[in-house]
1. Identify, from the list 600, 546, the residue that is touching a residue at least 12 places away in the same chain (Cβ under 8 Å) and in contact with a Gly (Cβ under 8 Å, 6 or more places away or on another chain).
2. Among the helices (runs of 4 or more DSSP H) contained in the stretch 543-607, which hold 2 or more residues that are surrounded by 12 or more Cβ atoms within 10 Å (Cβ to Cβ) and touching a Ser or Thr at 6+ places or on another chain (Cβ under 7 Å)?
3. Please go through the stretch 570-596 and pick out each residue that is closer than 15 Å to residue 555 by Cβ, of a type in the set (Gly, Ala, Ser) and out of contact with any Phe, Trp or Tyr (no Cβ under 9 Å at 6 or more places or on another chain).
4. In the stretch 191-216, how many are within 29 Å of residue 279 (Cα to Cα) and in contact with a helix residue (DSSP H, G or I) (Cβ under 7 Å, 6 or more places away or on another chain)?
5. Among the listed residues 109, 126, identify the single one that is modelled with pLDDT of 85 or more and either touching a strand residue (DSSP E or B) at 6+ places or on another chain (Cβ under 9 Å) or aliphatic (A, V, I, L, M) (or both).
6. Determine whether the stretch 145-167 contains at least one residue that is crowded, with 18+ Cβ neighbours inside 10 Å, over 22 Å from residue 254 (Cβ atoms), over 29 Å from the mean Cα position of the chain (by Cα) and of a type in the set (Gly, Ala, Ser).
7. Could you please tell me which pairs satisfy a Cβ distance under 9 Å, a separation of 6+ or placement on different chains, a first residue in the stretch 456-472 that is surrounded by 14 or more Cβ atoms within 10 Å (Cβ to Cβ), and a second residue that is among the basic types (Lys, Arg) and in a strand (DSSP E or B)?
Amino acid sequence: MLIEIKDHPTTIIKNIPSKPGTYRMLDSDEKVLYVGKAKNLKKRIPSYFNKNESHGKTRLLMSNVKSLDLTVTNTENEALILEYSLIKRYRPKYNVVLRDDKSYPYIYVSSHQDFPRIEFQRKNKVLKGEYFGPYPNVMAVRETLTELQKIFKVRQCKDSYFRNRSRPCLQYQIKRCSAPCVNLIKKDEYSQDVRSTISFLRGKNTSIINQLIKKMDLQSNQQNYEEAIRYRDQIKRLKEIQAKQLAISNKKYDMDVIGIATNGNIHCVTVLFIRGGSILGSKNHFPKIKNCKDKEIIQEGFILQHYFEIEPPSEIILSEEIYNKEWIQNSLKTKYRKKIKLNNNVRGNRLKWQELANKNARSGLEYELSIDSSTEIKLKSLGKLILNGRMPERMECIDVSHISGEATVASCVVFDKNGPLKSDYRRYNIKTTQIGDDYAAMAEAILRRYKKVKNKAEKKPDILFIDGGKGQLSRVNEILKSLEISDLSVAAIAKGKERKSGDETIYVNDSKNILKVLSHSPAFHYIQQIRDEAHRFAVTGHRIRRKINRKSSKLDGIEGLGPVKKRELLKQFGGIQGVLIASADDLRKVRGISKDLAVRISNNLHK
């Protein structure tokens, strides 16, 4: 139901239903500014038109709202879930919007197999077996997997690799796998190592150590000293890990602790991970929301988006009191089919963890503010050098990557006042140029990119950086002139004779205008950062394309030549080189290859 807001909105509000639902607030261009939910729409909507509204964010929001779009739902939980979906879809300016919605890393154990494997997983695709986590970052997972390799020697190889081994691999040689692939360990012994691994991941280190001590003593009494030494080494390693871990309680708590810090424009939400009574680490999030100092609003927006993506533990310690506590708890219970407790009025250990999470959030905010300050200094310095003092709002850099002309890829990276704008990054597969012609490759990339800029399909930058010297700059200027794009500053970054970082020469707009910039200046560091990011993005694209090309065959795509006939050809001629030198008459002699198909193959290979 769409409602236009005019001079007297209260007359329209009378028609709003007294039911649960969501509402979208739209501007004059029907762009979604804000998405909200309500247990009762008729009671919630009038609060936005209160002339004595104290929240600056709400006053600013309502000054831009021209219409409301209401959606009635059957239940309160449906309203909450719909709100989450709409925020994720529209990313409104005045809602809390998480920038990092990538799933957390987990450790996966394929416990259903005879010889289970252990590996890193993102849990995007749930496999049969057991998951442990989430962990705050990939590094924490890698470190844990490395420790498990050293202690229990459970395999971490893929099933396809495991099935096709005829002798132990390098992991066995360096004592990080017990080689179940070639039966160098009995199934029951391997199963015991897997059970110990799972106990370790559940935080039961003390019970594992006690079990290992008993086994060590038993093997020693039976004079099986090699086995006893193996258990001794496992015990020693486990005790070293136990000493390093930050144990917070004898009770095996599983919970997340949330801390919040804000300065009104930048907000840091820290999640402290506690699993099995130990702190695994923390992760900082920087949600986007305009002009908001209300930590309760930030916290509720974060919880709704974060925990509808990531399954929470049974308890979440909050930084602030939450408005819709029961509502959110019931919705999470419905989604994950388990009871999830939200708690902010805590004491004892929980209070210490809450304070620790808030301390981490304040540190994260201070660091983010220092980065923002540093970026602003770099942009101002860059503006003085290239734009006559005007600070650039958008910059692009184009680079080309290939090896001897193979799989040439051009990259375009975009930076704005907040740093890399990865959603606007683009790659271009270069096909029309001669092999190894960097000038032509750059020209093609510029032409394809800036045709869209001219047609306003892409935004125009203030500065275009290119990785190259005078020749590249001249060619780029020709392309831009042909497109009638003149109000754009172009900077070419030419490497020095020894190609060392810090020895670059920068030409701006033409080859005679050499930019004099000190290698330690903020502007030069920012130029290097942009250039290096373009190079990284181009190289990654080139490697992907080269990998695809090398998996393909020159026989692919020939009409009438399927996989069976293709295998027969390669078998008869000993590989693709033999097929290339074979005549159509030779090809006809292969079983299944007709005269017409032989001619077609020959024509395709030699055109």
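1. Numbers: 546 fails: in contact with a Gly (Cβ under 8 Å, 6 or more places away or on another chain).
Answer to the selection: 600.
2. Details: elements: 563-573, 576-581, 584-588, 595-606.
Because the criterion is at least 2 residues that are surrounded by 12 or more Cβ atoms within 10 Å (Cβ to Cβ) and touching a Ser or Thr at 6+ places or on another chain (Cβ under 7 Å), the helices (runs of 4 or more DSSP H) in the stretch 543-607 that meet it are 584-588.
3. Once the filter is applied, which keeps residues that are closer than 15 Å to residue 555 by Cβ, of a type in the set (Gly, Ala, Ser) and out of contact with any Phe, Trp or Tyr (no Cβ under 9 Å at 6 or more places or on another chain), the stretch 570-596 yields 574, 575, 578, 584, 592.
4. Selection size over the stretch 191-216: 10.
5. Working: 126 fails: modelled with pLDDT of 85 or more.
109 is the lone residue from the list that is modelled with pLDDT of 85 or more and either touching a strand residue (DSSP E or B) at 6+ places or on another chain (Cβ under 9 Å) or aliphatic (A, V, I, L, M) (or both).
6. No, there is no match, as no residue in the stretch 145-167 is crowded, with 18+ Cβ neighbours inside 10 Å, over 22 Å from residue 254 (Cβ atoms), over 29 Å from the mean Cα position of the chain (by Cα) and of a type in the set (Gly, Ala, Ser).
7. From the stretch 456-472, the pairs are 458/426; 459/394; 460/394; 461/394; 462/394; 463/394.
Results for (1) more than 25 Å from residue 108 (Cβ to Cβ); (2) free of Cβ contacts under 8 Å to residues at least 12 places away in the same chain; (3) crowded, with 19+ Cβ neighbours inside 10 Å, shown as yes or no for each residue.
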residue	(1), (2), (3)
174	no, yes, no
178	no, no, yes
184	no, no, no
187	no, no, no
210	yes, yes, no
228	yes, no, no
239	yes, no, no
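The values are calculated or read from the model by the stated rules, or taken from the named source; none is laboratory data. Source: prediction; values computed, not measured. All Cβ positions, glycine included, derive from the backbone under ideal geometry; neighbour counts span all protein chains shown.
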